[in-house]
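What follows is a single structure, written as structure tokens, with notes after it.
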Amino acid sequence: MTLALPTPRQSVQVPAVVGAALRVPLATGGHIEYANLDHAASAPCLRGVQDAVDELLPWYASVHRGAGFASQVSTKVYERARDVLRKFVGARSRDAVVFTRNTTDSLNLLARSLPKGTSVVLFDTEHHAALLPWKGPWIRRIQTPASAADAVVALDNALVSAPAGPRLVVVTGASNVTGELWPVDELAAVARKHGARVALDAAQLAPHRAVDIKAWDVDYVVLSGHKLYAPFGAGALVGRADWLQAADPYLVGGGATKQVVNYGDHLGVAWSAVPERHEAGSPNVVGVHALAAACEVLSANWSDIEAHEISLLRRLREGLRSVPGLSELSLFDGPRVGVVSFTVEGHDAGLIAAALSAEYGIGVRDGAFCAHIATRRLLAKCGSTEQQALRASLGLGSTAEHVDRLVDALRTLVTVGPALTYRLADGRWVPEHDVRVLPSFLRD
């Protein structure tokens, strides 16, 4: 995947997000604008998505079989979203669009739909959603490559030894640990040479860069609304329909059935065709509409989104280099989206994250990021003795002030220490005396 970095511009206007001006309490007293630097886990809702949801809610009704006018509207909204998703990922006209709950759900659906005896090849640096669902007689997990070029060679070598029959290569578009972009088009070319299909995990890529199934010659793309500024519980699997059509329904129930007949001692069931075949139950119309709205907003603003992110990412990485003892995690030091993971030698990642929140109003992620193998191998690679890392991830609500506040706070925490005393409670660090109060809707 060759993605050129755009030239930073002086004037950039990115889509607005809900909660951009949110003020949070500090354990030291007072309030401050929340610096959300945890977009890689879940992104806030776009204003445009909120407006789209508010517009739909009065019309919300049953989908597909309702005779009422509101049902017809909801059905139109739901089916229109398939066309929006197909366009968003550059899909082929015959590709199926199956709506799911999220990327994990999509990959489990695909895993359940593989033909018998399918060989699966993937890198062990994948997010657990892509690493764990596969079962079969031959699964090859390739260790962390030293470079993007090494990844291509390693995949080629792995496929040479794959047994005859169906083959699937699973690749990520952008690492959720380091944000680094993987050479998707080159990996897909190698897969094609060996007669393998390609499933692209675009969960971390799609909020930051345009996805193109046709240009990269991949067979399936999976993504999540909660990372795409549409946190309403919808995701999608987009790709070739034949394996999905040949598989038993992922879930069984209403919507997945074309006809059910009672034969006395057993039921005769004729399953629906794809995509309904794998969408049993009442569909998440609101979530799907939100997902489609987010895709339309992002598609119309890629130039500004990329310029905004690149400017902040450069500022963040330069600032982090000034923090004593800080080491940035990197797979192969390639171009990346706005995700940076790091460790500060001698300092507990969980304690730093807690202090950033309590004393500075900053949200970051600590841990191994649902990619334990990748994170711990990269920690060892940079010489760290820590078992967990910190991750700062940028998004549409991020500002230069947020980045500078994080860098300044890290320098203070490392050189001076926290202002408060912290203790472990249920495995998490918390201030000994926390004066912060939950918002009113959560109070008893």
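The values are calculated or read from the model by the stated rules, or taken from the named source; none is laboratory data. Remember, it's a predicted structure, so these values are computed and weren't measured experimentally. Cβ: placed from backbone, ideal geometry, glycine included. Neighbour counts: every protein chain shown.
Structure values in brief
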{"quantity": "Verdict on residue 282 being of a type in the set (S, T, N, Q), modelled with pLDDT under 95 and outside any helix (DSSP H, G or I)", "calculated": "yes"}
{"quantity": "Selection from segment 392-444 of residues that are closer than 18 Å to residue 322 by Cα, among the β-branched types (Val, Ile, Thr) and surrounded by 10 or more Cβ atoms within 10 Å (Cβ to Cβ)", "calculated": "403, 407, 412, 414, 415"}
{"quantity": "Strands (runs of 3 or more DSSP E) enclosed by segment 291-374 - at least 2 residues per element that are crowded, with 18+ Cβ neighbours inside 10 Å, modelled with pLDDT under 95 and at positive phi", "calculated": "none"}
{"quantity": "Residue 35 vs. criteria of a type outside the set (Lys, Arg) and closer than 24 Å to residue 407 by Cα", "calculated": "yes"}
{"quantity": "Residue pairs meeting the criteria (Cβ under 8 Å; at least 6 apart or on separate chains; first within 18 Å of residue 291 (Cα to Cα), in segment 51-66; second surrounded by 16 or more Cβ atoms within 10 Å (Cβ to Cβ) and of a type in the set (Phe, Trp, Tyr))", "calculated": "53/232; 63/78"}
{"quantity": "Exclusive hit being part of a helix (DSSP H, G or I), modelled with pLDDT of 95 or more and closer than 22 Å to residue 292 by Cβ, set 244, 237, 187, 223", "calculated": "244"}
{"quantity": "Residue match in segment 429-438 (condition: over 16 Å from residue 339 (Cα atoms), in a helix (DSSP H, G or I), touching an Asp or Glu at 6+ places or on another chain (Cβ under 9 Å) and in contact (Cβ under 8 Å) with a residue 12 or more places away in the chain)", "calculated": "no"}
{"quantity": "Candidates 169, 177 - the one that is part of a loop (DSSP other than H, G, I, E, B) and either β-branched (Val, Ile, Thr) or assigned by TED's automatic domain parsing to the domain that holds residue 328 (or both)", "calculated": "177"}
{"quantity": "Options 338, 287, 350, 363; residue that is under 26 Å from residue 147 (Cβ atoms) and under 24 Å from the mean Cα position of the chain (by Cα)", "calculated": "338"}
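For every residue, the table says whether it meets (1) in contact with a Phe, Trp or Tyr (Cβ under 9 Å, 6 or more places away or on another chain); (2) outside the structural domain of residue 293 (by TED's automatic domain parsing); (3) in a loop (DSSP other than H, G, I, E, B).
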{"site": "41", "(1), (2), (3)": "yes, yes, yes"}
{"site": "54", "(1), (2), (3)": "no, no, no"}
{"site": "57", "(1), (2), (3)": "no, no, no"}
{"site": "62", "(1), (2), (3)": "no, no, yes"}
{"site": "66", "(1), (2), (3)": "no, no, yes"}
{"site": "79", "(1), (2), (3)": "no, no, no"}
{"site": "86", "(1), (2), (3)": "no, no, no"}
{"site": "93", "(1), (2), (3)": "no, no, yes"}
{"site": "98", "(1), (2), (3)": "yes, no, no"}
